[in-house]
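Below is one structure, written out as structure tokens; the observations come after it.
The values are calculated or read from the model by the stated rules, or taken from the named source; none is laboratory data. Since the model is a prediction, treat every value here as computed from it, not as a measurement. FYI the Cβ positions are ideal-geometry reconstructions off the backbone, even for glycines, and counts take in every protein chain you see.
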Amino acid sequence: MRRTGLLRLAGAGLFSCVLTASVSASAYGEAPAFAGLEVLDQPAPARTVALTDRDGATVALDGAPVTVLNFWATWCAPCVAELPTLLALDAQLGAQGLRVVAASLDRNYETIDRFWTQQGWGENVEVALDDKGSLFRDFSAEDLGARGVPYTAILNSNGEIISWYAGDADWASEPVLAYFQGVLDAGSQ
């Protein structure tokens, strides 16, 4: 009896994973969602907790047509593995209005800068500091899926969340590029 209940529960979990992966379009036109991307029916409100730059100034998360906000840390192997694909995403679509912000959960910019330089990643992607993980926790307060890093939120020009992805991804893959191209195209209409 207990085994049947567990199988039924496991089956329900599998069904929800399949359902999530089969989402075909986002609230932003016909941008095809990719496997694992959670697309919101309506944008979630912009967050009020701020990221800071090297000078301690607030990093605004609105203004760009699309902002890819990625939470990462130098000590997170999956984060480090996916960051080059975020750099590639920025190189592919940055000129069209896509902005990548790499929000580090590390303690200070010295750690971040030393690591970033060791990786040879240059200065194309904006790096910000999430002091004490405050903004990251704000994304886990609601049903926005932030339970661990890496975690990525996609924001519209108002800084509202339109979709999110928990875990590491290949941000330069064809399905991902197609999604962002669709979101960018829908935003320019």
Listed residues VAL176, VAL127; which is at pLDDT 95 or above, more than 12 Å from the chain's Cα centre (by Cα), surrounded by 17 or more Cβ atoms within 10 Å (Cβ to Cβ) and among the β-branched types (Val, Ile, Thr)? VAL127
Test: residue in segment 133-145 that is under 19 Å from GLY63 (Cβ atoms) and assigned to a loop (DSSP other than H, G, I, E, B): no
Scope segment 98-154; condition β-branched (Val, Ile, Thr) and farther than 26 Å from GLY36 by Cα; matching residues: THR111, ILE112, THR117
Which members of segment 41-95 meet the condition of being among the hydrophobic types (A, V, I, L, M, F, W, C), free of Cβ contacts under 8 Å to residues at least 40 places away in the same chain and part of a loop (DSSP other than H, G, I, E, B)? ALA57, TRP75
Considering only segment 74-104, how many residues are crowded, with 21+ Cβ neighbours inside 10 Å and farther than 19 Å from TYR179 by Cα? 4
Take LEU177 and tell me if it is over 12 Å from ASN70 (Cα atoms), of a type in the set (A, V, I, L, M) and in a helix (DSSP H, G or I). yes
Does at least one position in segment 112-123 carry a residue that is over 16 Å from the mean Cα position of the chain (by Cα), over 16 Å from ALA88 (Cβ atoms), crowded, with 20+ Cβ neighbours inside 10 Å and aliphatic (A, V, I, L, M)? yes
Only one residue in LEU135, LEU98, LEU177, LEU144 is touching a residue at least 40 places away in the same chain (Cβ under 8 Å), more than 21 Å from ALA44 (Cα to Cα), out of contact with any Pro (no Cβ under 6 Å at 6 or more places or on another chain) and not hydroxyl-bearing (Ser, Thr, Tyr). Which one? LEU177
Within segment 81-92, is there a residue that is touching a strand residue (DSSP E or B) at 6+ places or on another chain (Cβ under 9 Å), among the hydroxyl-bearing types (Ser, Thr, Tyr) and either closer than 24 Å to SER188 by Cα or at pLDDT 90 or above (or both)? no
Among the candidates ASP113, ASP185, ASP168, residue that is more than 15 Å from LEU61 (Cβ to Cβ) and not in a helix (DSSP H, G or I): ASP168
Working carefully through the options ALA146, ALA153, find the one that is at pLDDT below 95, under 17 Å from VAL49 (Cα atoms) and either under 12 Å from the mean Cα position of the chain (by Cα) or among the small types (Gly, Ala, Ser) (or both). ALA146
